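My questions all concern the structure below.
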Amino acid sequence: RIKGVNLARNFGQQAAVMAGLKYTVGDTVICLDDDGQSPIDGLDLMLGKINEGYDIVFADYFEKKESPFRLFGSKVNELMLNSLLGKPKDIKMNSLFACTRMVVDELLRYENPFPYLPGLFLRTTRNIANVKLTHRERESGESGYTLGKLLSLWINGFTAFSIKPLRAASFIGFFFALLGFVSLIILVISKLSGVNIKLGWTSTVSLIMFFDGMILIVLGLIGEYIGRIYLCINMTPQYVVREYMVNDSLEDKP
């Protein structure tokens with residue numbers, strides 16, 4: 001039977017997938033986009049990998065039929081997954097995937113308002129496989145991912161599932177503090193040695209602007225983490241279901 005979940009507003013793709021997963025049943029769940037680019041004729045290959053014992057199976061396309069902008073976004077997302085979340089480099093993650101009930105149940109334990117499916121998958125299991133498939137051309141419409149939405153997705157990824165950015169900010173602060181200390185020693189030694197040091201307005205202002213910019217970036221990063229903690233404490237929902245339908249008939253929310 002066909003089930004439909006109507007959300008109260010647009011909560012984003014990640015939250016919409018989480019809402020759909022909540023209403024699934026069965027031992028294996030398959031997720032695919034509705035843009036017609038996902039090759040459903042390859043689902044039997046993915047199910048075969050699940051039957052071999054894998055927890056999650058992702059489609060790995062021979063060539064992605066997407067715009068240069070989306071391809072660039074995918075490359076950045078791949079780099080973030082590898083460097084910040086520890087994704088194995090030989091595994092490709094896409095929106096077409098099959099997973100076991102164990103994985104779905106573990107995903108649904110995450111109730112914070114910033115779901116990021118790749119991060120949830122990687123913290124659940126590393127028993128992941130790929131199946132090579134052919135990506136189809138989009139027959140109509142265009143991707144709804146704008147630059148702003150992609151940036152929001154990346155921020156979700158590295159703030160919700162990694163503290164490496166905070167550690168990087170600490171190392172950057174330590175590096176520039178050390179650089180300033182060494183520069184001070186050099187200036188003092190040069191002054192005591194009688195070296196004539198010409199202080200320029202341009203260089204002074206440039207250094208001030210640079211270091212102030214670094215401070216603001218680090219403070220903004222810390223603020224992003226604190227803001228997300230605040231929203232989680234306030235129990236901001238991932239999504240709100242307006243109605244739940246089964247074969248065109250409204251039913252109570254399960």
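Report the residue count in the stretch 77-87 for those that are exposed (fewer than 15 other Cβ atoms within 10 Å of the Cβ) and touching a Leu at 6+ places or on another chain (Cβ under 9 Å). Break it down into steps so the answer makes sense when it comes.
The first filter runs over the stretch 77-87 and keeps only residues exposed (fewer than 15 other Cβ atoms within 10 Å of the Cβ), leaving 79, 82-83, 86.
Now narrow it down to the ones that are touching a Leu at 6+ places or on another chain (Cβ under 9 Å): 86.
Qualifying residue count, the stretch 77-87: 1.
Still on this structure, I have one more. It is to be established whether one or more residues within the stretch 89-96 are more than 20 Å from Val131 (Cα to Cα), free of Cβ contacts under 8 Å to residues at least 24 places away in the same chain and in the same structural domain as Ala16 (by TED's automatic domain parsing).
To start, the set of residues in the stretch 89-96 that are more than 20 Å from Val131 (Cα to Cα) comprises none.
Within the stretch 89-96 (the criterion being more than 20 Å from Val131 (Cα to Cα), free of Cβ contacts under 8 Å to residues at least 24 places away in the same chain and in the same structural domain as Ala16 (by TED's automatic domain parsing)), the answer is no, since none of the residues qualifies.
Take Phe114 and tell me if it is assigned to a loop (DSSP other than H, G, I, E, B), hydrophobic (A, V, I, L, M, F, W, C) and under 15 Å from the mean Cα position of the chain (by Cα).
Taking the combined requirement at face value, the residue satisfies it.
Suppose we filter Leu43, Leu32 for residues that are over 19 Å from the mean Cα position of the chain (by Cα) and buried (at least 16 other Cβ atoms within 10 Å of the Cβ); which single one remains? Steps first, answer last, please.
Values: Leu32 fails: over 19 Å from the mean Cα position of the chain (by Cα).
Testing whether each residue is over 19 Å from the mean Cα position of the chain (by Cα) and buried (at least 16 other Cβ atoms within 10 Å of the Cβ) leaves just Leu43.
Same structure, new question: Taking Ser95, is it on the phi < 0 side of the Ramachandran plot, surrounded by 18 or more Cβ atoms within 10 Å (Cβ to Cβ), small (Gly, Ala, Ser) and in a loop (DSSP other than H, G, I, E, B)?
Details: on the phi < 0 side of the Ramachandran plot: yes; surrounded by 18 or more Cβ atoms within 10 Å (Cβ to Cβ): no; small (Gly, Ala, Ser): yes; in a loop (DSSP other than H, G, I, E, B): yes.
Considered against the rule, which asks whether it is on the phi < 0 side of the Ramachandran plot, surrounded by 18 or more Cβ atoms within 10 Å (Cβ to Cβ), small (Gly, Ala, Ser) and in a loop (DSSP other than H, G, I, E, B), Ser95 comes out as no.
The values are calculated or read from the model by the stated rules, or taken from the named source; none is laboratory data. Values in this document were obtained by computation on a predicted structure and should not be read as measured data. Quick reminder, even Gly has a Cβ in these numbers, built from the backbone with ideal geometry, and neighbours come from all protein chains shown.
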